[in-house]
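Novice: The structure follows.
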Amino acid sequence: MLPKKNVMLGLAFAVVPLFQASSTVLAADAPAPAATPTVTAPAPVAPPITDPVKLRERGQILALSCSGCHGTDGKSASIMPSIYGKTTGYIESALRDFKSGARTSTVMSRHAKGYTDEEIHLIAEYFGNLSKKKN
């Protein structure tokens with residue numbers, strides 16, 4: 001068995017590194033110096049679509065999100081209102097009213113807020129012109 005003096009000395013050597021290690025951990029927890037903000041160039045903006053055919057196609061693509069409730073051709077088979085046969089102006093006005101909150105709806109207000117005014121116009125043109133096509 002070791003004398004008490006040697007055991008105490010051994011404990012001192014074992015405990016001192018723990019205190020040193022804990023101060024290192026505290027230093028590592030200290031907040032890092034603030035980084036200088038980086039300046040990034042704005043993302044390139046695509047030129048606006050002007051080709052009428054491409055605009056109709058874009059409207060058709062945007063209108064796909066409506067088809068789950070209102071049907072692919074705007075003829076709803078459920079309790080959702082049918083938008084087939086409604087004018088472009090009516091559909092556009094309704095969507096803008098949902099977007100602004102002038103017209104309330106649990107679902108439509110959320111959907112309409114996700115579209116720009118241009119996209120609302122394209123969706124309205126797509127559905128507004130469906131009834132004019134020969135079936």
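Novice: Restricted to the stretch 57-78, and to residues that are of a type in the set (D, E, K, R) and touching a helix residue (DSSP H, G or I) at 6+ places or on another chain (Cβ under 7 Å), which residue is surrounded by the most Cβ atoms within 10 Å (Cβ to Cβ)?
Specialist: Arg58
Novice: In the stretch 92-106, how many are under 23 Å from the mean Cα position of the chain (by Cα), loosely packed, with under 13 Cβ neighbours inside 10 Å and among the hydrophobic types (A, V, I, L, M, F, W, C)?
Specialist: Final tally of qualifying residues: 0.
Novice: Looking at Thr87, is it within 22 Å of Lys133 (Cβ to Cβ), touching a residue at least 12 places away in the same chain (Cβ under 8 Å) and not charged (D, E, K, R)? Write out each step before concluding.
Specialist: Working: within 22 Å of Lys133 (Cβ to Cβ): yes; touching a residue at least 12 places away in the same chain (Cβ under 8 Å): yes; not charged (D, E, K, R): yes.
The answer is yes for Thr87.
Novice: Could you name every one of the helices (runs of 4 or more DSSP H) located completely within the stretch 1-80 that has at least 2 residues being at pLDDT 75 or above?
Specialist: The qualifying helices (runs of 4 or more DSSP H) are 52-63, 67-70.
Novice: Please determine, by comparing only the residues of the stretch 107-135 that are closer than 16 Å to Ser65 by Cα and part of a loop (DSSP other than H, G, I, E, B), which one is nearest to the chain's Cα centre (by Cα).
Specialist: Gly114
Novice: On to the next question. Among the residues of the stretch 82-106 satisfying the criterion of being part of a loop (DSSP other than H, G, I, E, B) and not small (Gly, Ala, Ser), which is nearest to Pro48 (Cα to Cα)?
Specialist: Thr87
The values are calculated or read from the model by the stated rules, or taken from the named source; none is laboratory data. Because the structure is predicted, anything quoted here is derived from the model rather than measured. Note that each Cβ is placed from the backbone with ideal geometry, even for glycine, and that neighbours are counted across all protein chains shown.
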